[in-house]
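Accompanying notes for the structure given below.
Just so it is clear, none of the values below were taken in a lab; they were calculated from the coordinates. Keep in mind it's a predicted model, so treat the numbers as computed, not measured. Quick reminder, even Gly has a Cβ in these numbers, built from the backbone with ideal geometry, and neighbours come from all protein chains shown.
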């Protein structure tokens, strides 16, 4: 995978290099981790985190662990585990060793919970959620101790064991750390270590009915795995003192350090898993892999390449502050990538029939055109026949239109067909609605790759497809899902900002014959239309289906 010519600022990379230069570890001893919770599909923000964590390990010759922080069985599913593994591999990364799960360490976590109780640093609390919130205080008001805070070690050990054995109802008891109810950091006000959840777990089944909190599991997972640089997004900065407190008070095998960086936020985009799930559950999109979704699965199905996503993420700074990146910047990275790597082809999305009257019926002339104007991708076959289709918007009966204003086919005038002949429109037939149905034309001999005779000047160049040799196809056109640049900000429901024209399905489209045989996920530039990809699931030679990846240019800048 190629890297940007100039590396973006990355303070974590600088820290790792300084640690290596100081002799704290060898380059191959660098261990990072990517720890998603399997409660949804990964989105573009996770793509940056993947590139940061796997990219740093790759750069220094160390390893990055893929670890699922599966501590909440209520929201986690095997479907999400499988999708996340697929995304990481598709982006071109490989994790070190086996896939890891927080649930692999549940027995160890339980022993460490008992260890904290024996040290007088944890207790079982019977306060309800409402009472615990009241006792916790506010950011400007100290909390007050739980009435159960001074239970004996023996009683706490007994109650924890009975919690584990399923003797108590959900919400009736929790295990809490005993730290500081007056701390200005709310995360240190006796945080919860274990909750009762009588639900099956995707990985451990019904073995457990108590589950550790993320905060209790996070640092200990890193320590067990020998993570040297635990890289999180900024919302975990206030949790770092708690991360360190557990490491200081438990007999962990190593002492990792947590670093925080700004997460990737795009305008015109929602990345909250809860909100993305709502889009799916309420049917506003066609699933987690809908091409309008900012999920990695969605971007892949839309035709965003792994190379484009990685180049975009690698070109962003890894900084200590959050910010919003323009989605136009992301789209530009996608266009740049596809411009270099996508073969060219022709497709007619809004067809109008042309009959070339001086070309023999049944004759096929196999012309050819380069697959790419700059890259050596060979040539493609362009069968030319008596009946072809052009885009209906490329024809006008208005003979008064100036050549400067309309550089396409006009009744009584000439135009060049891309890679083929110069033709002239002579007459037109109309459908019952008054719109043109068939245009009768004549070609100018010896104009394939040659200038027409003196006195004949084509208005411009238009694309076309043979009706007898080309293939019918379904083309799905996609646009941004939201009309508002900050759809989840403000008082309005983000659903109200959905773009009603974000998807259109065109059934009566025509494509070059070779496109029907394209492999799923093959990308093309449909000349004058944009970039399209053969759908990874629905496309077949019998029923070609292409998804619009992106237009040839940014049409949103003038709307903003």
What value, in deg cm²/dmol to 500, does the helix sum -39500 (n - 2.57) over DSSP H runs of n ≥ 4 give at 222 nm once divided by the residues of the chain? -7500 deg cm²/dmol
Between residue 28 and residue 141, how high is the FRET efficiency from 1/(1 + (r/R0)^6) when r is the Cβ-Cβ distance and R₀ = 35 Å? Nearest 0.05. 0.10
Under a plain spin-label model, where a point goes 7 Å from the Cα along Cα-to-Cβ, how far apart in nm are residue 170 and residue 115? 3.0 nm
Distance from segment 27-103 to segment 363-384 (C-alpha centre basis), Å: 43 Å
Hey, what angle do you get for helix 106-118 against the long axis of the chain, alpha-carbon based, 0 to 90 degrees rounded to 10? 30 degrees
Pseudo-spin-label distance residue 128 to residue 94, built 7 Å along Cα→Cβ, given in nm, is 5.5 nm
Residues of segment 45-61 with amide N under 20 Å of a point placed 7 Å along Cα→Cβ from residue 75: 45-50
On a full-extension model of 0.36 nm per residue, what is the gain between residue 255 and residue 357, subtracting their alpha-carbon distance, rounded to one decimal in nm? 28.6 nm
Distance from the Cα centre of segment 489-560 to that of segment 10-25, in angstrom? 44 Å
If the chain between residue 495 and residue 404 were fully stretched, how many nm would it gain, using 0.36 nm times the residue separation less the Cα-Cα distance? 28.5 nm
Span from the segment 241-296 Cα centroid across to the segment 387-410 one, whole angstrom: 51 Å
